[in-house]
Amino acid sequence: MRSPEELFTIHREADFDEPPVLVYAFAGFVDAGSGVRIAADHILATCQHRLLATFDVDELLDYRARRPRMTYVVDHFASVELPQLSLHEVTDGNGSRFLLLTGPEPDYQWQRFLAAVDLIAQRYRVRLAVGLSAIPWPIPHTRPLGLTVHGNEPSLLAGHVSVVGEVEVPGHVGAMLELHLGQHGFRSMGLTAQVPHYLVQFEFPRAASTLIAGVSAATGLVLPTAALEPSARQADAEVAAQMQGNEEFATVVAALEQQYDQMMAIEAGPSDGLGTITEAEILSGEEIAAQLEEFLSTLDESTGDADTTGSH
């Protein structure tokens, strides 16, 4: 493996009074609803920040898989939007500074990239690394989004109960970085937003709000989310409009609402007037998946490539 230190360039130095938090957010494979990308963009848009370092994307990215956007004006190409994988020093609402590593998930040289981030974590004496991701989940958009919390120390998971046992999943850079940093002596954790599985291919700002709130809760950083609310309400309204015109869609959402409410009732225990709900009464994942598949096929036939949340 070539030297990982040659994979990034430090543009300016930063001195921290105390070891900082490192937040990393990669857009790509595990970014349902673009929640990770929106969260990172929102943090940079609402907090003071300075660019500290950039990675050599020519070494890491497959341009043909994610082609850069170009602007053509009348008779010539006027500009190109090249991707950037960058490290920022960010200041939160209370004046606390932390590190944010963001950009597209690398396609190549994963182990060299992990080693490079390890060097950065050592350079700034990072006290906690927090990775952001978003995955499809059988949850309706009309209920609060869930957040899965995972990490290499029990103290990082206090107050969070896992609903997942042992499972094999495709590897991605965020998860590998969480594992790698934990193995190299850093406190390492991840926050995964649970995005309604019928909205994963569209922008869903509530996923970004959930992730940012999770970062604040896990680290004590003060990060605003209010500016995301207008776009989140707009997305909700556009999904609601789709429901009004599509009976299959409404059926899927109603089934998910029923499952969600029943699970909440089971967790809360019996209450006056509700009686006892058993797990056998909850809709199975197969039943919901069948309804979802029927809805998606109908949507494809009736709207083609229509965007149910008005994204992009």
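Rule-based calculations on the coordinates, nothing more; no lab input. None of the values given here were measured: they were computed from a predicted structure. Heads up, the Cβs are rebuilt from the backbone with ideal geometry, glycines too, and the neighbour counts pull from every protein chain shown.
For the chain, which longest stretch is free of loop sites, where a loop site is one of the GluC sites (Glu not before Pro) that DSSP puts outside H, G, I, E and B and that has at most 10 other Cβ atoms within 10 Å? Provide the component values of the computation, followed by the final result.
Numbers: sites that count: E13, E166, E168.
Value returned for the longest uninterrupted segment is 14-165.
Any chance you could list the semi-axes, whole Å, largest first, of the equivalent ellipsoid that the Cα gyration tensor gives for region 1-69, using √(5λ)?
23, 21, 11
Rounding to the nearest 10 and keeping the result within 0 to 90°, find how far the Cα-based axis of helix 35-46 lies from the longest principal axis of the chain.
Once rounded, one gets 60 degrees.
For the chain, what relative contact order do you get, as a whole percent, if you take Cα pairs closer than 8 Å and at least 6 residues apart?
Across the chain, relative contact order equals 21 percent.
How charged is the neighbourhood of T192? Take every other residue with its Cβ under 11 Å from the Cβ of T192, and add Lys/Arg as +1 and Asp/Glu as -1.
Result for the local shell: -2.
Given only helices, namely DSSP H runs of n ≥ 4 each adding -39500 (n - 2.57), what is the per-residue ellipticity at 222 nm of the chain, to the nearest 500 deg cm²/dmol?
On the way: 8 runs with 113 residues, N = 312.
The per-residue figure over the chain is -11500 deg cm²/dmol.
For region 36-123, what is the Kirkwood hydrodynamic radius in Å, using each pair of distinct C-alpha atoms? Mind showing how you got there, number by number?
Details: mean 1/r = 0.0670 Å⁻¹.
After inverting the mean inverse Cα-Cα distance, the result is 14.9 Å.
Can you give the Rg/Rh ratio of the chain, where Rg is from the C-alpha atoms and Rh is the Kirkwood radius?
Ratio value, two decimals: 0.99.
Enter the Cα centre distance for the pair region 49-127 and region 149-222, rounded to the nearest angstrom.
20 Å
Taking neighbour counts of Cβ atoms within 10 Å as a proxy for exposure, in what order, fewest first, do F16, F98 appear?
Fewest to most other Cβ atoms nearby, the residues stand as F16, F98.
Within a Cβ distance under 13 Å of D17, other residues only, what is the Lys/Arg minus Asp/Glu net charge?
That works out to 0.
Quick one: net charge of G28's neighbours, Cβ under 12 Å, K/R +1, D/E -1?
-2
Could you go through region 101-116 in sequence order and give the Karplus-derived ³J(HN,Hα) for each residue, using 6.51 cos²θ - 1.76 cosθ + 1.60 with θ = phi - 60°, rounded to whole Hz, and x for Gly and Pro?
9, 8, x, x, 4, x, 8, 10, 6, 4, 5, 5, 5, 4, 5, 5
Which whole-Hz ³J(HN,Hα) couplings does region 135-144 yield from phi under the Karplus relation 6.51 cos²θ - 1.76 cosθ + 1.60, θ = phi - 60°, glycine and proline marked x?
Couplings: 10, x, 8, x, 9, x, 5, 8, 10, x Hz.
Working from the alpha-carbon coordinates of region 101-245, get Rg over Rh, Rh being the Kirkwood radius.
The Rg/Rh ratio comes out at 0.99.
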